[in-house]
Every structure is written in C-alpha cells, then in structure tokens.
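**Student:** Got a structure here, written out as structure tokens. Questions coming.
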Amino acid sequence: MGSASVKISSLLKAERVHLNLKAAGRDSVLKELVGRTGLDEKEQKILLVNLKQREELGSTGIGKSVAIPHCRSLLLNSLTLIVGRSKAGVDFDSIDKKPAKLFFLIIAPPHDPQNQYLITLGRIAQLAKELSPADALFTADQPAEFISRITELEKNI
Amino acid sequence: MHPQMELLVTLHDLELMIKEATEDAAQEKAMGFKIDSLEHLTKAQSDVAKQVDKDIFSRYQKLKARYGRPVVPVINGVCCGCYIRMPTAQATKVGKNQSLTACGNCGRFLYWLSE
C-alpha cells in the first residue's frame, strides 16, 4: 500500500477533534487526549505511561506549533487518531522551543502489516511543515471545518 | 483488569517501543522527531519486569523467545497470535481481563479487546 492511500482526513471523525483543550501542561494534555480514546480508566493509565515514556525518549513537538504524541499499544485494535487544540499553547519541549497548539495523538496496534502507523506519522509531520501560523487549523471553530482544512492541505502533500 | 495483566501489557508496549526506537529511529528522525538515549526506557522496562510475578515473567520470557510477541489481543473471539477461535465458554465470559488467560492452542497471554 502506498503512502497516498493513508489519508489523515479519513482517520478523523468530528468526535475525535477537540478544539478547546483545557490542559496547560505536557502531561495533562496527554491525559486529556487519552481520555478521548474510549478506553477504560486502567487502559488509559497504561497508555499514558507509554506516551510519557515516548516523550522522555525525545519530544514529539516537531515545531510549527504541532506535536504528534504517538506509540503502539495492545489496547487498541485499529490505528486511532485524536486531535486536540490548545488556543493558548502548551510547553511541549518542542524542537523550536515554542509552545505547541495542535496535538495529533496517534496510537497503533502492534499488528500493522501495512505499516500505516509510520506512514500516517510521516504524513502528519509533512503536513505540519506546510502550516503557517495563520492557518485555518489554528482558528477553525468547528470540527467539520478543521477536517475540511486537513483534506485541503492533504492535496498538497 | 488483572494487576498482572496490567503489568504484562505495559511491559509488552514498552518493549515494542524500545524495538521500534532502535529499528525505526532513522525514519522518525527524518520526519523531525527527536530520538535520544534509550536508557530511561530500558530502566522503565526493567522496573516493570521486576513487579511481575516470577513464574508469570518466566513464562512471558519463554513465549517471547518462541513467538516474539508473548501477549496478543483477542479480536472477535480469535487469538491474534495463532488465529484460533476461542471456545465459546471463554469468549462469552464476563470480565475476561479480570483473570490472566492464555490461548489453549499457542499458550500466549491473551488481552481481550472491547468489542
């Protein structure tokens, strides 16, 4: 399967786009995003531990106000993408030292024969590089508007 | 979830992270991610491993040596390690992750996903 077949927009549903995150720190952002996965409390705890470990390995804040926390986990049976946005921004130890505002949480199951995980990570990272600070992703009021802008941006990557 | 299963899932996911941070580091770095030292991950792995019951950990290690992945999910009643359908009595039991279960065919530890 080629990278063109993995669309970020196809993984996103309105209920997975949260445009007003309340969290103000790295760990609380991760907790808030994990809270939207539909996993039970214990499963969320395990996932959170692993995501924090991944951040210790090196921040997933890739600059341009975007962070892409990610890991694989036994707890989910399909590639899951949750998007969150903090209008104020959160210190995520990003590569450019600027606060992160857009968070793309990606969780993939261990069994992923087409390696959609790495392909999706790559596509989001590529999309982030195209963003300007005034992009509609930072201002969209509704999830549908946000997803529509992602679809538009994807045409160019 | 059974406390030992909680530890096994955490351990499994950490080991997978270490494996991928080693094998896919170049790809992730090319995407713009930072990959620093694995030291804290191996320490976390060791800390979790120490909390697992000795006999269970020994079985986990044997399964890992044999299959690579010692814990597998059950999806739609099928073991995702050997693809054998679970017996109805096991598949329909309530609170399946409250006890530590293994596949009757391949022996892998089973994690039952919500369906």
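FYI, it's all coordinate maths here, none of it is from the lab. Note that the coordinates shown come from a computational prediction; the quantities given were computed from them, not determined experimentally. As a convention, Cβ positions derive from the backbone with ideal geometry for all residues, glycine included, and neighbour counts pool all protein chains shown.
**Student:** From the phi of every residue in segment B:90-107, what ³J(HN,Hα) in whole Hz does the Karplus formula 6.51 cos²θ - 1.76 cosθ + 1.60 yield, where θ is phi - 60° and glycine or proline is x?
**Tutor:** Here the 3J(HN,Hα) series is 6, 5, 9, 5, 7, x, 4, 7, 6, 10, 8, 10, 10, 6, x, 8, 9, x Hz.
**Student:** For segment A:124-138, in order, what is each residue's ³J(HN,Hα) by Karplus, 6.51 cos²θ - 1.76 cosθ + 1.60 with θ = phi - 60°, in whole Hz (x at glycine and Pro)?
**Tutor:** 5, 4, 5, 4, 4, 5, 7, 6, 9, x, 9, 4, 4, 4, 8
**Student:** What FRET efficiency, computed as 1/(1 + (r/R0)^6) with R0 = 41 Å and r the Cβ-Cβ distance, is obtained for B:Val94 and A:Ala24, rounded to the nearest 0.05?
**Tutor:** 0.55
**Student:** Also: Considering the dipole of segment B:3-112 built from charges on the beta carbon (Lys and Arg +1, Asp and Glu -1) around the Cα centre, which of B:Thr88, B:Ser99, B:Pro3 is farthest to its positive end?
**Tutor:** Positive-most Cα among the choices belongs to B:Thr88.
**Student:** Can you give the FRET efficiency to the nearest 0.05 for A:Ser148 and B:Asn105, using r as the Cβ-Cβ distance and R₀ = 45 Å?
**Tutor:** Efficiency, rounded to the nearest 0.05: 0.40.
**Student:** Quick one: net charge of B:Cys79's neighbours, Cβ under 9 Å, K/R +1, D/E -1?
**Tutor:** Surrounding charge for B:Cys79 is +2.
**Student:** Can you tell which of A:Ile95, A:Ile68, A:Ile46 shows the greatest fluctuation in a Gaussian network model of chain A with Cα springs below 10 Å?
**Tutor:** Most flexible of the set in this elastic network: A:Ile46.
**Student:** Given Cβ point charges of +1 (Lys, Arg) and -1 (Asp, Glu) and nothing else, what value in debye, to the nearest 20, does the dipole of chain A about its Cα centre take?
**Tutor:** Charge dipole, chain A, about its Cα centre: 80 debye, nearest 20.
**Student:** Another question, then. How about the protein assembly as shown: what cysteines have no other cysteine beta carbon under 4.7 Å from their own?
**Tutor:** So far as the 4.7 Å Cβ criterion goes, A:Cys71, B:Cys80 stand without a partner in the protein assembly as shown.
**Student:** Is it possible to state the helix-based mean residue ellipticity at 222 nm for chain B, with each DSSP H run of 4+ residues giving -39500 (n - 2.57), the sum divided by total residues, to the nearest 500 deg cm²/dmol? What is it?
**Tutor:** -16000 deg cm²/dmol
**Student:** Also: Let me confirm the definition first: pairs of Lys residues in chain B, 8 or more apart or on different chains, C-alpha distance under 25 Å. How many are there?
**Tutor:** Final tally of qualifying lysine pairs is 20.
**Student:** Can you check what the Kirkwood hydrodynamic radius comes to for the protein assembly as shown, Cα pairs only, in Å to one decimal?
**Tutor:** Taking the inverse mean of 1/r over all distinct Cα pairs, the protein assembly as shown comes out at 19.4 Å.
**Student:** Here's another thing I want to ask about it. How fast does segment A:103-153 diffuse by Stokes-Einstein, in µm²/s, taking the Kirkwood radius from C-alpha pairs at 25 °C and 0.890 mPa s?
**Tutor:** D, rounded to a whole number, is 198 µm²/s.
**Student:** How many angstrom separate the Cα center of segment A:76-102 from the Cα center of segment B:6-76?
**Tutor:** 24 Å
**Student:** Using packing as a proxy for protection, rank B:80-93, B:10-23 so that the peptide with the highest average count of other Cβ atoms within 10 Å comes first.
**Tutor:** Going by the mean number of other Cβ atoms within 10 Å, highest first, we get B:10-23, B:80-93.
**Student:** Against the 2.2 N^0.38 Å scaling, with N counting residues, where does segment A:50-157 land? I'd like the Cα-based Rg ratio to two decimal places.
**Tutor:** In units of the 2.2 N^0.38 Å rule of thumb, it is 1.06.
**Student:** At 4 °C and a viscosity of 1.567 mPa s, what translational diffusion coefficient does Stokes-Einstein give for segment B:3-112, taking Rh as the Kirkwood radius over Cα pairs? Give it in µm²/s as a whole number.
**Tutor:** This corresponds to a translational diffusion coefficient of 85 µm²/s.
**Student:** Spin-label point model (7 Å from Cα, Cβ direction): what's the B:Ile56 to A:Gln114 distance in nm?
**Tutor:** Modelled inter-label distance: 3.6 nm.
**Student:** May I ask you to compute the full-extension gain from B:Ala26 to B:Val78, defined as 0.36 nm times their residue separation minus their alpha-carbon distance, rounded to one decimal in nm? Kindly include the intermediate steps, with their values, before the conclusion.
**Tutor:** Values: separation 52, 0.36 × 52 = 18.72 nm, distance 3.48 nm.
Gain in length upon complete extension: 15.2 nm.
**Student:** Then there's this: Mind putting a number on the dipole of segment A:75-157 about its Cα centre? Charges go on the C-beta only, +1 for Lys and Arg and -1 for Asp and Glu, and I need it in Debye to the nearest 20.
**Tutor:** Charge dipole, segment A:75-157, about its Cα centre: 100 debye, nearest 20.
**Student:** As a test, work out the antiparallel percent of DSSP beta bridges whose residues both lie in segment A:3-154, rounded to the nearest 5. Display every interim value, and only then the final one.
**Tutor:** Working: 9 of 16 bridges.
That works out to approximately 55 percent antiparallel.
**Student:** Related question: Within 10 Å of each candidate Cβ there may be at most 16 other Cβ atoms; applying that plus a DSSP loop requirement, which GluC sites (Glu not before Pro) in segment A:42-136 survive?
**Tutor:** Passing sites in segment A:42-136 are A:Glu130.
**Student:** Lys pairs in segment A:1-112, Cα-Cα under 14 Å, at least 8 apart or on separate chains: how many?
**Tutor:** Counting lysine pairs in segment A:1-112 gives 12.
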